[in-house]
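Enquirer: I am attaching a structure below and will ask some questions about it afterwards.
Just so it is clear, none of the values below were taken in a lab; they were calculated from the coordinates. Remember, it's a predicted structure, so these values are computed and weren't measured experimentally.
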Amino acid sequence: MRNVWPWIVGTAAIWITFVFLNNSSLLTKKTFGQPTLLAHRGISQDFDRSDLKNDTCTATRMLPPTHAFLENTIASMQASFTAGANVVEFDVHPTTDGQFAVFHDWTLDCRTNGHGVTRQHSMAYLRTLDIGYGYTADGGRTFPFRGKAIGLMPSLNEVLSAFPKGRFLINIKSNDPNEGRLLAAALRKQPIETLDRFMVYGGDAPIASFHAEMPTVKAMSRSTLKQCFASYIVYGWSGIVPSACRNSIIFVPINIAPWLWGWPNRFLDRMTHAGSAVFAIGPYHGGAFSTGIDTAAELRRLPEGYSGGVLTNEIQSVAAQLVRSAKASHAAPGSAAHPVAAR
């Protein structure tokens, strides 16, 4: 038994050395540059996020408005791209006349002057609604957007026509597998060489059917993301990328990121070579809701020189902060460009 211990210790030392060398970002060439900014909800009205539930009407929790944009509108998307977004996220619902409406809520009653389930109406009818009707910041005493957003709910076709080169993350709002097939049919009408500008996420069933129809388009559901993380934690140290992490969208909570094998540079390299897009998001503390990287303090938690993706609900301020950080880094004598390093 005494002769076995040196062999055990030596083997363990070799394994530890391999794991370190195979996952150390210190040995990976850094790619400096601006992160890819994903504008979640575009530029939209902020709201009180305390005690949110799936059926919470956030329009009645609106904070006093500081701009005139409403989420999921063409004007909001344009403003997001202008502010510095590389990708804009929006939500879709199938309509009774064979189109997709771009709108967040499952029902119309919260934000609009319409009633009922969004998908149970035609696009022709949805275009007649005032999508700013329900927004109030003072408990219903005033409605600053009422009457100003009539006809502003766009269809998917209108969005794609308005931004023929825009990059988008499309959220399927249901768990109906047929919606994955319908969305695939809609995107197949786009030039095949432009399909890499789309990413899709949503319920497990529609994402599975979408991926079966369009396997080259990055797609993710909550289940595939969990499978990706669970498998990667088990054997990602080896450099093998699990199948659930391939050709996907990887949302990485900023408080969990440091525990991932090879974070940041090795991890980003592995996922890029596996055809996936990585986006850092806000801290995860359990529950069904995720947050974005929305504050300067959260930006400072990103690794120095981070060049992956960033999901944010505050594209205006986050993009401006990154620009200021990049300028400060370039201004510092002898410094490299570390766009998220400024404090």
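Enquirer: What is the set of long-range amide H partners of residue 107 at a cut-off below 5 Å, with H atoms built 1.01 Å from backbone N?
Expert: Counting only residues 5 or more places away or on other chains, the set is 118.
Enquirer: Moving to a separate point now. Assign one of three labels to the range 81-158, namely rounded, prolate or oblate, based on the Cα gyration tensor with a ≥ b ≥ c the square roots of its eigenvalues; rounded applies when a/c is under 1.5, prolate when it is not and a/b is larger than b/c, and oblate otherwise.
Expert: Note, shape of the range 81-158 comes out oblate.
Enquirer: Please list the non-local residues whose amide H lies under 5 Å from the amide H of residue 149, H modeled 1.01 Å from N, same-chain partners needing a gap of 5 or more.
Expert: When sequence neighbours closer than 5 places are left aside, the close amide H contacts are 131, 132.
Enquirer: Taking amide H atoms as placed 1.01 Å from N in the peptide plane, list the residues 5 or more away in sequence, or in a different chain, whose amide H sits under 5 Å from that of residue 121.
Expert: Placed amide hydrogens put 96 under 5 Å from residue 121.
Enquirer: Right, here's the next one. Can you tell me the length gained on complete extension of the stretch residue 50 to residue 157, counting 0.36 nm per residue apart and subtracting the Cα distance?
Expert: 35.0 nm
Enquirer: Convert each backbone phi in the range 125-141 into a coupling constant with the Karplus relation 6.51 cos²θ - 1.76 cosθ + 1.60 (shift: θ = phi - 60°), then list the ³J(HN,Hα) values in order as whole Hz, x for Gly and Pro.
Expert: 6, 4, 5, 7, 7, 9, 7, x, 4, x, 6, 8, 10, 9, x, x, 6
Enquirer: Which of 148/173; 53/218; 53/226 have a Cα-Cα distance over 31 Å?
Expert: none
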